[in-house]
Structures are given as C-alpha cells and as structure tokens.
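The values are calculated or read from the model by the stated rules, or taken from the named source; none is laboratory data. If you're wondering where the values come from, they're calculated on a predicted model, not measured in any experiment. Reconstructed Cβ throughout: ideal geometry from the backbone, glycine too, with neighbour counts over all protein chains shown.
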Amino acid sequence: MADDIAVVRSLIPDTDAVFGDDENEYIFDDDDINNFLAVAKGNALRAAAYACMAVGSSEAIILKVIRTQDLQTNGATLQDSFTNKAKVLFAQADREDASAGADYFEIIDFREGWTPDVPELTEWPVLGIGWP
C-alpha cells in the first residue's frame, strides 16, 4: 500500500521537488501533509482536498487580479479551480465512506423479540397457530 504522504502528493499534485533556491523543495513539506492528514483523520482524499483549498487560497492572496500591458492574472479564478477540485475529492471520500459499511449485514431471527406479549405463566403459541 502506498504511503499516505505520497498519495496526497500525487492528488495535489506535488510530486516534483522544483521549488526553493536549490530546486529541491515541494509545495508542502512532509509535516504540512501530516497536518492535513491529521485534520482529515487519516483520509488521504480529504487531506488532498484540504491541501487544494490551501493552495487555492494562497494563490488568490498572491495573484489577486492583476492587469498590465500584456499580462493578466486572476487569483480568484484559480482559487475556484482548486476549490472545485477539493469538492470533487471530498465527494469521492464521502462515497468511499458510505460504501465502506455497505458489505456489512446482520441476520436477525424474526421470531426472537418480535412476539406479542404473552401473559406470565402461559404457554407460548406454536409458530403459525394461535398468533393473533
């Protein structure tokens, strides 16, 4: 099974260490991703969604809406893109959580605990005979 940090990195994506002065850093270090996993209670999909939300918020703050002669940036649009990806990841995590318990079922004897109250010290009726 893959390491949760590697799974989160591949979903963001943050798989190439190209940041920093020596170009040996990721967007998030392992401690940051562990924090996302802690908030997501160990669910890698939810941790990746939180990371996408963090990246989107950061980009919206940094880029804002800038127009120069031949350049235009729109941080809000980029944030919307990351937010939509986070929503998709949250929805997938919810579907997986819902289907996790779908394999479980319990067989209950319909007779046990489902009989009408019978007065004390009386004979129980034979199944199918004497039922009200």
Subject >> Residues of region 61-82 satisfying the condition of being surrounded by 18 or more Cβ atoms within 10 Å (Cβ to Cβ) and at pLDDT 85 or above >> reply: GLN79, PHE82
Subject >> Pairs, first closer than 11 Å to TYR50 by Cβ in region 76-95, second surrounded by fewer than 18 Cβ atoms within 10 Å (Cβ to Cβ) and among the aromatic types (Phe, Trp, Tyr), C-beta under 9 Å, six or more apart >> reply: none
Subject >> Failed criterion for THR73 (all others in (1) touching a strand residue (DSSP E or B) at 6+ places or on another chain (Cβ under 7 Å); (2) within 13 Å of VAL8 (Cα to Cα) hold) >> reply: (2)
Subject >> Test: residue in region 36-43 that is aliphatic (A, V, I, L, M), surrounded by 12 or more Cβ atoms within 10 Å (Cβ to Cβ), closer than 24 Å to ALA100 by Cβ and touching a residue at least 60 places away in the same chain (Cβ under 8 Å) >> reply: no
Original post:
Which of the residues that make up region 48-99 are within 18 Å of PHE28 (Cβ to Cβ) and either basic (Lys, Arg) or not in a helix (DSSP H, G or I) (or both)?
Top reply: LYS85
